[in-house]
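See structure below.
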Amino acid sequence: MDERDKIKHFASKDKLEQYLIQGKGIEEFKKQEKSLFLGEFRERVIKALSIPQLHEEGTYPEIEEAIKDPRAKKLVINRKADLKKAAEYIRLAKEYNLQFTTVDSENIQDQIGLVVASDQGIDVDNIYVKERSEKLRELGLPQGVIDNPKGKLCKKCYDEVKRLAPEELKNYRPLSFFDRILGEKCIGCKKDNG
Ligand SMILES: [Zn+2]
């Protein structure tokens, strides 16, 4: 094999093989590759959430989508995270027959809270999920809507979420007739219009 073929050959190997060829050893490989994503290889990760994102009210539709992905096999949650806040993700994972585990994160800097992973390398380009608040701000939704997932919205604000971010709709409820009689206001525009 000439040098060019060697490089081609090397590049065709997966990362583990590359490590072994370079003589770095399997332990080193595991340490480098696995510590970052709650024990899962980067190439197997479909989506990951940070701990603060996991702790937010409501659920990230991106994670729901990842759990429903037919390649998804596993939901892993960092033991440093509050499991109560992850209840809805855990429920969904069960519904879709994903294996569920929690792990101790050895790396202090590891702020990954949740990982949805496959059982094989799939190399998803972007495994991180944009901050929900940032996404909604960019879409131009009112601050009250951004700050209050799980809140109730008037018809106008509800329709606005539906139009701009339909995947977030399940994080809100419409103000009911009785809510309005009881004087409850829309968390988006602070009005009680239906
Ligand atoms: Zn409103």
Please list 3J(HN,Hα) in residue order for region 57-63, calculated via the Karplus relation 6.51 cos²θ - 1.76 cosθ + 1.60 where θ = phi - 60°; whole Hz, with x for glycine and proline. 4, x, 10, 7, x, 4, 6
Note the count of lysine pairs whose C-alpha atoms are less than 14 angstrom apart in region 132-181, limited to pairs 8 or more residues apart or on different chains. 4
Per residue convex hull volume, Cα atoms of region 40-117, in Å³: 77
Let me know the Rg and Dmax you get for region 132-181 when you use only its Cα atoms, in Å. 10.5, 33
Take every Cα-Cα distance within region 51-194, group them into 5 Å bins from 0 onward, and report for each bin the whole-number percent of pairs it holds. 2, 9, 17, 18, 17, 14, 11, 7, 4, 2, 0
Which whole-Hz couplings ³J(HN,Hα) result when phi for each residue of region 37-53 is put into the Karplus expression 6.51 cos²θ - 1.76 cosθ + 1.60, θ = phi - 60°, listed in order with x for Gly and Pro? 10, 6, x, 9, 4, 3, 6, 9, 6, 8, 8, 9, 10, 6, 4, x, 5
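Since every read-out is calculated from the coordinates, none of them should be taken as a lab result. Quick caveat: nothing in here was measured; it's all calculated off a predicted structure.
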